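Notes follow once the structure below has been shown.
Quick note: the coordinates plus some simple rules give every number you see, no bench work behind them. What you see is a predicted model, and the numbers here were worked out from it, not measured in a lab. Backbone-built Cβ (ideal geometry, glycine too); neighbour counts: all protein chains shown.
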Amino acid sequence: MSKNRTGAFIGGVLLGTAIGTITGLLVAPRSGRKTRQLVKKSAAALPELAEDLSSTLQLQADRLSAKTLRNWDETLVRLREAIASGIEASQLEKEQLDRQNREDPQDLEEDPDNEFSNTSSTHTSQS
């Protein structure tokens, strides 16, 4: 975020410099001829100033783009890890439930608090 603010600050400084120069030239107590000469010199410098500003903005856009891609890649890695952990946890839970069912199959059917006790036998008989 600070790099983005730095680019905005540099752009603001360059724009402020250009506006200040033009304003200073128009308000300065000089003869018309000298003021026109200064305006011509300043006008000649504007393309270079615009090019500098453009380069600065392009660099900031590139940095922001690279940072966004890095953040996206890091997010994908964390998401993949979370999904893998979730799959692993659900497989472990399934294995534990399968072991419990193999060890005590009648306890599952007789347990009134077990939500699967009646539905599994009903579901099996309907199939």
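Data for the structure
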read-out	value
A43-L64 FRET efficiency (beta carbon distance; Förster radius 22 Å; 0.05 resolution)	0.10
Stretchable slack from W72 to A8, in nm (0.36 nm times residue separation minus alpha-carbon distance)	20.7 nm
